[in-house]
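One structure is given here, and the rest of the page talks about it.
FYI, it's all coordinate maths here, none of it is from the lab. Because the structure is a prediction, the values reported are computed rather than measured. Note that we place each Cβ from the backbone using ideal geometry, even for glycine, and neighbour counts take in every protein chain shown.
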Amino acid sequence: MKRLQDRLALVTGASAGIGAATARALASEGARVLLAARRRERLEALAAELPGARAVELDVCDAAGTLAAVREAAEGATVDLAVLNAGMARGIEPLQEGDPAEWSEVIDTNVKGVLHGLKAVLPGMVAARHGDLVFLGSVAGRWVYPGGSLYCATKAAVRSLYEGTRLDTFGSGVRCTTVDPGMVETDFSAVRFRGDEERAKKVYAGVDPLTPEDVADAVLYAVTRPPNVNVGEIVMWASAQASVTLCKREE
């Protein structure tokens, strides 16, 4: 029997990058995956690859919409595995030059998006006295770097939510994990640089970064441990990266 057979999993941000790779990893071990994101066409294409998967079009910034969409997709079943993968950044300007509208977008996605995902799944897990809850954090939530103040603050908030949820669910049978990667090659930098693909490519130039599949493998490891084991925190770096600001680049 596959290790996640009969588990119902929710993955937010599942239309690309780490979310899509994680959905594939969970499905490979037998989980039925609810693929949640805004881009329905991408979700449906991924769902067609994965047995039992279902596309769930939603915006994690919308609390009521997220709750309703997850409930409908679960069809009365309990989501007992969730990967809260909301995360994005805008720009690298210092705070004094920042755009408050973009600040709101990042906070709504990275912090409120996680909270809304929590609200959609955690009550059911606690009632069932069983579940795995994975927060997708970042090394940026542990160490601040120039130009990343707001993003780092939101990921520090995610780390606090992880720690707080561990306390709030103590004794409930719910396991909490945070997976905090360093440099991962996804469309994150393209979004941060507002669609400037050439500038985004320079972030990874000369480096062998982590891949979405590397992160998905860490998530899979955490949620497939024996019931008496809770892998609390996984911090991942590319071998070429020593800190948030120190990275070895080949010419």
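Worth pointing out:
- Environment charge at residue 15 (Cβ cut-off 14 Å; Lys +1, Arg +1, Asp -1, Glu -1): 0
- Averaging 1/r over every pair of different alpha carbons in region 86-229 and inverting the result gives a Kirkwood radius of 16.5 Å.
- Result for the chain in a Gaussian network model with C-alpha springs under 10 Å: among 133, 161, 95, the largest mean-square fluctuation is at 95.
- Electrostatic dipole magnitude of region 54-127 [Cβ: Lys, Arg +1; Asp, Glu -1; Cα centre; debye, to 20]: 380
- Ordering 109, 177, 139 by Cα displacement along the dipole of the chain toward the positive end leaves 177 in first place; charges were set at the Cβ atoms of Lys, Arg (+1) and Asp, Glu (-1).
- For residue 131, the amide hydrogen comes within under 5 Å of the amide hydrogens of 175, counting only partners 5 or more places away or on other chains and with H modelled in the peptide plane.
- Non-local Lys pairs in the chain, i.e. 8 or more apart or on different chains, that have alpha carbons under 27 Å apart: 7
- With the highest mean first, a sort of the peptides 220-226, 182-188, 73-79 on other beta-carbon atoms found within 10 angstrom per residue produces 182-188, 220-226, 73-79.
- Among 123, 212, 227: highest mean-square fluctuation, GNM of the chain, C-alpha pairs under 10 Å: 227
- Residue with peak Gaussian network fluctuation, the chain [Cα springs, cutoff 10 Å], from 238, 86, 48: 48
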